[in-house]
Amino acid sequence: MKYVVLIIDGASGWPVESLGGKTSLEAAETPNLDQMARRSTVGMTGTVPEGMEPSSACACMSVLGYNPRVFYKGRAAIEARSLGIDIAPDEVVFRANLVTVTGGRMASYAAGHITSAESAMIIDNLNKELRTPDLEFFPGVNYRHLLKLKGHPETLKAVCTPPHDISDQPIEAYLPQGEGSELLRSIMTASEKVLRDHPVNLERKIRGELPATGLWLFWGCGPLPEMPSFQERYGVTSAITSGVDLLRGLGQMQGMDVLYIDGVTDNIDNDYAFQMEEALKALDVYDMVVVHVEAPDEAAHVGSAGDKVKSIEMIDRDMVSRLRNYTKDKLRVLVMPDHPTPLQTRTHAAEPVPFMIWGSGVRTSGARRFTEAEARSTGKTVAEAHYLMSQVVRG
């Protein structure tokens, strides 16, 4: 038996007027997902334990079969794992987004989706200007970067807000607050001075693109806890493909190999077909491949109903069709979002999501489509999503 887990990041959500009162999953034309749903176990599950943040780190840990209450200690350290950054016991790491603040408002949590190449130049300059023996920046994917601090555990007590939670809002009330926040604020202010006339920003302005006006610090944490490998826990070998450091880091925490596939990105320009083709080829080597697609989530964060629906349709056309046509071995598939990202709020919600288990030996539950409403209609509920993996692997 072979296994594929397809995580459609942020694909679920709420009905919106611009889509005729439908959710993005309902509005999208998804003939392949719908055909699978009619032959699948479909239901609803909770990926974010009560009281925990609805981040992809927490939610995807659940999807991959690990209880976040036990193993989740913070997101930045997971991304650090993907980037090969060691974290000593006296060190902490923070996500450091390049953002655009205009007139005191969060104009873009992603600095206009600045490229990785542009960001690398900016992070290099920030290190030249601000690095000390206790402070260093590390470049990541596009706007997502990391800050590592040594000897400042108090910063983990600061109250920080993700910038994608405050799109188009005034930032003053959401700057780091409370104990440990002074250093974080000072770093953010210092970054603004370095970036004010940075050549990358000058060129972006000439092209009519948003500049990166500064760093925004959040999601701080210390070193990662030890966790059992996926093979120890579930008895199968595994690999993961994703366009973001977070999922690669989660996979590495669980002993998964990372598949670096050309054309895999964090946005709608992802090469969906090639990502799935290479994932299915990897089943010649591994028992399971996890395929993570970020595009629907990114579209929802910028409030684009059209791009969210389009990305779901491209996943159906270019990825799910290939799953349905896989014939080299018996196959079982888990398809689900990690969390809802409603277009109205442009951020994650700690609400249940639909899931679908399809393939060899799976019982049908009566769903006609892969949507939130159809999943609820089956009456099938798994309260905590980390239990799903056992159902997929062990039946």
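The values are calculated or read from the model by the stated rules, or taken from the named source; none is laboratory data. Bear in mind that the values here come from a model prediction, so they are computed numbers and not experimental data. Positions of Cβ are backbone-derived with ideal geometry, glycine not excepted, and every protein chain shown enters the neighbour counts. To get the accessible areas, we keep the full protein, side chains included, count just its heavy atoms, and leave off ligands, DNA and RNA. Shrake-Rupley method; radii C 1.70, N 1.55, O 1.52, S 1.80 Å.
So here's what we get for this one:
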read-out: Accessible area of segment 1-139 divided out per residue, in Å², using a probe of 1.4 angstrom; value: 37
read-out: In segment 106-167, chymotrypsin sites (Phe, Trp or Tyr not before Pro) in a DSSP loop with at most 15 other beta-carbon atoms within 10 Å; value: none
read-out: Value of relative contact order over segment 1-79, rounded to a whole percent, pairs C-alpha under 8 Å and six or more apart; value: 16
read-out: Relative contact order (percent, whole number), segment 115-263, Cα cutoff 8 Å, 6+ residue spacing; value: 16
read-out: Label-to-label distance, nm, for residues given as E53 and T237 (7 Å Cα→Cβ offset); value: 3.6
read-out: Per principal axis, descending, Cα span of segment 159-308 in whole Å; value: 51, 40, 30
read-out: Contour excess over end-to-end distance, with Cα ends at K157 and K128 and 0.36 nm allotted per residue; value: 7.7 nm
read-out: At most 13 other Cβ within 10 Å, DSSP loop - GluC sites (Glu not before Pro), segment 1-83; value: E29, E50
read-out: Net charge contributed by nearby residues that have their C-beta within less than 9 Å of C221 (K/R +1, D/E -1); value: +2
read-out: With Cα atoms, 0 to 90° folded angle of helix 116-130 axis to the chain main axis; value: 40
read-out: For E136, distant residues with modelled amide H under 5 Å away; value: K148
read-out: Relative contact order (percent, whole number), the chain, Cα cutoff 8 Å, 6+ residue spacing; value: 33
read-out: Within the accessible area of segment 102-218 (1.4 Å probe), percent carbon and sulfur; value: 54
read-out: Inverse mean reciprocal Cα-Cα distance (Kirkwood Rh) of segment 230-302, Å; value: 12.6
read-out: Antiparallel DSSP beta bridges within the chain, percent to nearest 5; value: 65
